1. Name every residue in the stretch 210-263 that is within 16 Å of F190 (Cβ to Cβ), in contact with an Asp or Glu (Cβ under 9 Å, 6 or more places away or on another chain) and of a type in the set (G, A, S), in order of residue number.
2. So for the stretch 256-276 (the condition being in a helix (DSSP H, G or I), over 30 Å from E104 (Cβ atoms) and among the aliphatic types (A, V, I, L, M)), does at least one residue qualify?
3. Say we look at the stretch 109-126 and pick out the residues that are open to solvent by 50 Å² or more (accessible area, probe 1.4 Å) and not hydroxyl-bearing (S, T, Y); which of these is modelled with the lowest pLDDT?
4. Going by the structure shown, is V244 free of Cβ contacts under 8 Å to residues at least 60 places away in the same chain and of a type in the set (A, V, I, L, M)?
5. Which of the residues spanning the stretch 86-108 are open to solvent by 30 Å² or more (accessible area, probe 1.4 Å) and in contact with a strand residue (DSSP E or B) (Cβ under 8 Å, 6 or more places away or on another chain)?
6. Give just the number: which of (1) assigned to a loop (DSSP other than H, G, I, E, B); (2) open to solvent by 60 Å² or more (accessible area, probe 1.4 Å); (3) closer than 29 Å to P291 by Cβ; (4) modelled with pLDDT of 85 or more does S222 not satisfy?
7. What tally of residues in the stretch 127-173 results from selecting those that are open to solvent by less than 50 Å² (accessible area, probe 1.4 Å) and more than 28 Å from Q224 (Cβ to Cβ)?
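The values are calculated or read from the model by the stated rules, or taken from the named source; none is laboratory data. All values derive from a computational prediction rather than experimental measurement. Glycine also receives a Cβ, built like all others from the backbone with ideal geometry; neighbour counts cover every protein chain displayed. Just the protein is used for accessible areas: all its heavy atoms, side chains included, with ligands, DNA and RNA removed. Shrake-Rupley method; radii C 1.70, N 1.55, O 1.52, S 1.80 Å.
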Amino acid sequence: MAPFEPFKRSQITSSTGRNLVWNNSVQSLFLTRHSGFRAEAAWMFRGGEQGLDVSSEHSESANEDILMFFFFQLDLATRVQYALNMEQYDIAKQLRNKLAEVEEEVIKQQQSKRGLSSKSEAQDKAISIIRLHSDLQNAIENEHYALAAELRDEISKLEAESLAASAKALAHENAQYAFRLGQKVRHKKFGYKAVICGMDPVCSESSSWMENAQVKKLSRGSAQPFYQVLVDVHAEPNLLVAYVPEENLLTPDKPDKGRFDHPYISFLFYGMDSAGDFIPIKQLREKYNKPRHEIPIDPPNDE
């Protein structure tokens, strides 16, 4: 076995502006290991919608979510355990510290996906509005009318922002998903197989991405669940991860126990269940706060 080598720490800035700790060996493990593929997340419309194709509708956040957070987190945890097994306690401590950084960022992402950040934002703005109303009353009493006008404008702005944040939090809390982690699906327009590996209650991409992807043309728009899916490499060898609206996914007419190939399957799932769907690992379920899916057992036939 090759000797254990600690990480070389480096910083990168993600497309969303976050500074992340990155290990070049992780990138090598998941990208060069599968040199025949390009880890690219993209919008699935490319034939029927004018101006849309796989390369132009690339989704950085979907790719980042899987590669830079989840795989990185698992790799760090594995390296911590390996260092402990080799009694390299100083290295294990360094790795634990880095793992704590990643887990803190993952928690922030989870809270955002569940709408907790929006709820907290709405509460903070409500407190600010109360304070501004007090300042407004004082300004009026002291006949500082110019200041009072500025405060009124600020209050109106915060009230609109608070309403928007509250609406977003409510949408997250009431989200209903038609598909579950590990479930095999087919794309409604293109027919190829995919497996659900992540989900958002609404489209979490930027406004510019949604404009480029023409999300407004969807019958349900952006206010519907969007899914990260692993695409069967035999059907689409250049598209590993896609970000797809719920209305464009279908479940197979009957259980699909056929072959499904993807380089990430073995890292995200334990294997296939008796219905042909994949069983998500514990960390993936915890990431999306989803319970185990139990396959119902058919009652014995007495006839």
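1. Of everything in the stretch 210-263, those that are within 16 Å of F190 (Cβ to Cβ), in contact with an Asp or Glu (Cβ under 9 Å, 6 or more places away or on another chain) and of a type in the set (G, A, S) turn out to be A213, A242.
2. Within the stretch 256-276, not a single residue is in a helix (DSSP H, G or I), over 30 Å from E104 (Cβ atoms) and among the aliphatic types (A, V, I, L, M).
3. L116
4. So V244 does not fit the description; no.
5. E101, E105
6. The single condition S222 does not satisfy is (2).
7. Here the count works out to 10.
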